[in-house]
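Here the structure is laid out as structure tokens; the discussion comes afterwards.
The values are calculated or read from the model by the stated rules, or taken from the named source; none is laboratory data. Every value quoted in this text rests on a predicted model; they were computed, and no experiment measured them. A quick note on method: Cβ atoms are made from the backbone with ideal geometry, for glycine too, and the neighbour counts reach across all protein chains shown.
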Amino acid sequence: MTGRPSHVKEEAWALVERERRTDRFVRRVSVAAWIVTFVIVVLFTVATGYQVAQFWPAARGEAGQMSWILIMGSLYPLFIVLGLLAVLIATLSTVAMFFRQRTASLTEIQTRLDALEQMLMSSDERR
């Protein structure tokens with residue numbers, strides 16, 4: 001059990017801090033992507049409800065105007081693409097967040113064990 005120089009320990013803690021900052025960034029991206037995903041789902045639901053509302057006059061026999069359904073129908077591909085993109089980003093960033101948390105925690109455990117080892121060695125030298 002040999003002690004490591006203090007600069008190695010400082011570099012290790014700097015690495016841990018850098019990993020924590022990266023983890024926070026990945027977590028923020030993940031949360032933002034999930035929020036966008038839910039907003040897209042709400043927009044899609046509202047658009048679908050609006051389409052259904054456009055059918056009510058036709059169902060009651062009222063006709064004569066151009067329906068907004070043609071306009072809303074042209075927006076569906078955009079909603080679908082944006083929604084799938086948001087789900088993809090949310091899923092990938094969530095997986096990356098879990099992997100990074102495991103890596104950072106293992107590095108932190110290693111650094112703490114090293115500090116504990118140095119503390120024990122220094123107390124043995126005092127005796």
Report summary line: Among 111, 91, the single one that is farther than 30 Å from residue 38 by Cβ and either modelled with pLDDT of 85 or more or surrounded by 13 or more Cβ atoms within 10 Å (Cβ to Cβ) (or both) is 111
Query raised in the report: Has the stretch 58-72 got at least one residue that is assigned to a helix (DSSP H, G or I) and at pLDDT 85 or above?
Result: no
Query raised in the report: For the stretch 33-55, does any single residue satisfy the condition of being in contact with a Gly (Cβ under 9 Å, 6 or more places away or on another chain) and at pLDDT below 75?
Result: yes
**Report entry** Of the criteria (1) in a helix (DSSP H, G or I); (2) at pLDDT below 85; (3) over 30 Å from residue 20 (Cα atoms), which one residue 30 fails
**Finding:** (3)
